[in-house]
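Step one of this worksheet: look at the structure below.
The values are calculated or read from the model by the stated rules, or taken from the named source; none is laboratory data. Please read these numbers as outputs of a predicted model, since none were measured by experiment. Cβ placement follows ideal geometry from the backbone for every residue including glycine, while neighbour counts extend to all protein chains displayed.
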Amino acid sequence: MGTSSVPTPSLEPAPDGNGSGHVRLRIPARAEYITLGRLALTGLSRLRELSDETLADLKLALTEACSNSVRHAYRDGREGVVEILYDLQPDRLVIEVSDDGPGFDYVESEGEDRELTEGGLGLAIIRSLSDEFELGDRNAAGGSRLRFVKKLG
């Protein structure tokens, strides 16, 4: 029996000394693993009461962000990892999705008639469901980092 080079999902509490809840989840960049990110989000919702609507919005935004990484970061067929960082603070939940794909240039257009390019609709959904939105490079070596914030309470 051969060994698989698909990364194993891992979930770990991120070290933190100020009482905030941090969780880091690393999943293979494959569509069938995105549900693990949603399950982790559901688990976090047990630590802080969220309305059904807020939880559904967060799951949709997270699914769109992870789908973008899975679909676009590793187009060349190589295997990769999507990392999700959840930061549960007293007044907000910060979610950051990153990958080490080639990255991309996102140009935000103004106005109602802007053309939605590939991936643009998913980003528009995330932006509309969140209170804060950032998209950029993961680090100097490349990759993408999408961060969104939902204020709680």
Is it fair to say Arg46 is free of Cβ contacts under 8 Å to residues at least 60 places away in the same chain and either of a type in the set (D, E, K, R) or buried (at least 18 other Cβ atoms within 10 Å of the Cβ) (or both)?
yes
Any idea which of Thr8, Thr63, Thr3 is within 19 Å of Asp131 (Cα to Cα), among the β-branched types (Val, Ile, Thr) and either modelled with pLDDT under 85 or under 15 Å from the mean Cα position of the chain (by Cα) (or both)?
Thr63
Modelled with pLDDT of 90 or more, in a strand (DSSP E or B) and surrounded by 19 or more Cβ atoms within 10 Å (Cβ to Cβ): does that describe Leu25?
yes
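Looking at Tyr106, Tyr74, which is the one that is under 19 Å from Ile27 (Cβ atoms), of a type in the set (Phe, Trp, Tyr) and modelled with pLDDT under 95? Give the steps one after another, and end with the answer.
On the way: Tyr106 fails: under 19 Å from Ile27 (Cβ atoms).
After ruling out the rest, the residue left standing is Tyr74.
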Among (1) at pLDDT 85 or above; (2) not in a strand (DSSP E or B), which single condition is Val82 missing?
(2)
Yes/no for Ser98 being of a type in the set (Ser, Thr, Tyr), surrounded by 16 or more Cβ atoms within 10 Å (Cβ to Cβ), modelled with pLDDT of 90 or more and not in a helix (DSSP H, G or I)
yes
